[in-house]
Amino acid sequence: MRVIGIDPGTNVTGYGIIEKARSGTFKYIGGGEIKLRKGEPLSERLLKISEKLESVMAEFRPMHCAVEEVFFAKNVKSALTLGHGRGVALLSAAKAGISVHEYSASTIKAAVSGSGRASKDQVQKMVQLLLKLDTPLGMDASDALAIAICHMNHYNPQLATLGGVSPRV
């Protein structure tokens, strides 16, 4: 099973693709960061995110897309802007015919580090260890890979074959 994890943002969007072998180990397929210029109009940044994600999905053909759930932020404007980035990620996956699954930040952190309160550095180091990467990727790419790992750990294929979807966690 191949999964793309997406860590959406309107300044940097991370993405990471992994597979799970029959042995249960994870295999790193690819990943990166879509870096955008802050002064550029939001509509142009969203278009660039969409174009890159659609290109990545066409190239790597993931079966599933995992994205972090919406969180509650104190800064409403930041939350709304992040929501635009999430919307582009969800739309890109839907256009590619890929099922989308959402996970809370604490579930994602726990899936890779064992603690729902792990720091970003701890998550990045665990992603590097789990995927046997020689060097760490950027923080946003690492977060995206953590989201993909979380999905691999929580997805229930038997439930999906019965017409249901794996539970949102």
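We did not get these values from a lab; they are worked out from the coordinates using the rules stated. Keep in mind it's a predicted model, so treat the numbers as computed, not measured. Because the Cβ atoms are built from the backbone with ideal geometry, glycine has one as well, and the counts that use them run over all protein chains shown.
Some observations on this one:
- Here the spin labels are modelled as points 7 Å beyond Cα on the Cα-Cβ line, and at residue 90 and residue 69 they lie 1.3 nm apart.
- Residue by residue, the range 82-93 carries 3J(HN,Hα) couplings of 4, x, 5, x, 4, x, 5, 4, 5, 5, 4, 5 Hz when phi is fed to the Karplus relation 6.51 cos²θ - 1.76 cosθ + 1.60 (θ = phi - 60°); x denotes Gly or Pro.
- Choice from 108, 34, 17 with maximal GNM fluctuation in the chain (Cα, 10 Å cutoff): 34
- Note on residue 120 and residue 59: the model spin-label points, each 7 Å out from Cα along the C-beta direction, lie 2.4 nm apart.
- Dimensionless Rg/Rh of the range 56-122 - Kirkwood Rh, Rg from C-alpha atoms: 1.03
- Over all directions, the projected convex hull of the C-alpha atoms in the range 24-86 averages 5.9 nm² in area.
- Karplus 3J(HN,Hα) series, Hz, for the range 105-121 with 6.51 cos²θ - 1.76 cosθ + 1.60 (x for Gly, Pro): 4, 5, 5, 5, 4, 5, 5, 9, 10, x, 9, x, 10, 4, 7, 4, 5
- Listed pairs 20/95; 20/109; 35/77; 27/74; 27/120 exceeding 29 Å between Cα atoms: 27/74
- Gaussian network model of the chain, springs between alpha carbon atoms under 10 Å - residue of 153, 75, 11 with greatest fluctuation: 75
- From phi via Karplus (6.51, -1.76, 1.60), per-residue ³J(HN,Hα) for the range 11-27 in Hz, x at Gly/Pro: 9, 9, 10, x, 9, x, 10, 9, 10, 10, 6, 4, 6, x, 7, 9, 10
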